Amino acid sequence: MSAPQPRRIRAPFDDATARSLRAGERVLISGVLLAARDAAHKRLVALLEAGAPLPVDLDGQVVYYVGPSPARPGRVIGSAGPTTAGRMDAYTPRLLDAGLRGMIGKGYRSPRVVDAMVAHGAPYLAAIGGAGALIARSIRSYTVLAWPELGPEALAAMEVEDFPAIVVIDSMGNDQYALGQRPYRRL
């Protein structure tokens, strides 16, 4: 019996797509993802707290936690592997309040973030750590939207085609990391 084929989805996410994803499901994402790490998240939340306009409308957006390496000649982007998601946990609930609809990274999320994800119907997906060069092949364009002085931590838009990811935590709070470990735990 072969594994089911990955599901093809589009980003940004509409409500139906975000809520339909299930923990453990493999997906291929096409469309536009935001690229941002710690420094950009901090600036976005500071703008929200100050009531200032954001450089991008977060409604429906999916953010990929990435700080890509420089592109080699003839390439759109260098290696683009995921950053540890927990580093963004302090900012995530506020960004979900502002309309963010999904996140892609690696590693665990805090209970506070999972609660906010459930409240907003937003999933968390994982990209494969250590596969940054392979992931970069799915990135068709990379455009800095704000804070170029942050270098690889700038806020950017990435057009992607068949970007591979796995749903780790779905909009109902089901956590594939926990579900996957269950059969191997001793009572």
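The values are calculated or read from the model by the stated rules, or taken from the named source; none is laboratory data. Here the structure is a predicted model, which means the values were calculated and not measured. Glycine also receives a Cβ, built like all others from the backbone with ideal geometry; neighbour counts cover every protein chain displayed.
Among the residues of region 57-83, how many are surrounded by fewer than 20 Cβ atoms within 10 Å (Cβ to Cβ), touching a Phe, Trp or Tyr at 6+ places or on another chain (Cβ under 9 Å) and under 13 Å from Ala154 (Cβ atoms)?
0
Tell me, which residue of region 14-30 that is hydrophobic (A, V, I, L, M, F, W, C) and part of a loop (DSSP other than H, G, I, E, B) is nearest to Asp175 (Cα to Cα)? Steps first, please.
Initial filter on region 14-30 (hydrophobic (A, V, I, L, M, F, W, C)): 16, 18, 21, 23, 27-29.
Restricting the remaining residues to those that are part of a loop (DSSP other than H, G, I, E, B) gives 21, 23.
Numbers: Leu21: 12, Ala23: 6 Å.
Result: Ala23.
Quick one: which residue in Thr17, Thr92, Thr84 is in contact with a strand residue (DSSP E or B) (Cβ under 8 Å, 6 or more places away or on another chain) and without any contact (Cβ under 8 Å) to a residue 12 or more places away in the chain?
Thr17
Let me spell it out: the conditions are (1) closer than 19 Å to Ala131 by Cβ; (2) basic (Lys, Arg); (3) modelled with pLDDT of 95 or more, and Arg43 meets all of them except one. Which number is the exception?
(1)
Taking Val168, is it surrounded by fewer than 20 Cβ atoms within 10 Å (Cβ to Cβ) and closer than 21 Å to Ser30 by Cα?
no
So which of Ala36, Ala50 ends up being among the aliphatic types (A, V, I, L, M) and surrounded by fewer than 16 Cβ atoms within 10 Å (Cβ to Cβ)?
Ala50
Kindly indicate which of Gly107, Gly99, Gly151, Gly130 is among the small types (Gly, Ala, Ser) and in contact with a helix residue (DSSP H, G or I) (Cβ under 6 Å, 6 or more places away or on another chain).
On inspection, the qualifying residue turns out to be Gly107.
Out of all the residues in region 1-26, which are surrounded by 19 or more Cβ atoms within 10 Å (Cβ to Cβ) and more than 20 Å from Met88 (Cβ to Cβ)?
The answer is Ile9, Thr17, Glu25.
Residues that are within 17 Å of Val168 (Cα to Cα): which helices (runs of 4 or more DSSP H) entirely in region 70-139 hold 1 or more of them?
92-97, 111-120
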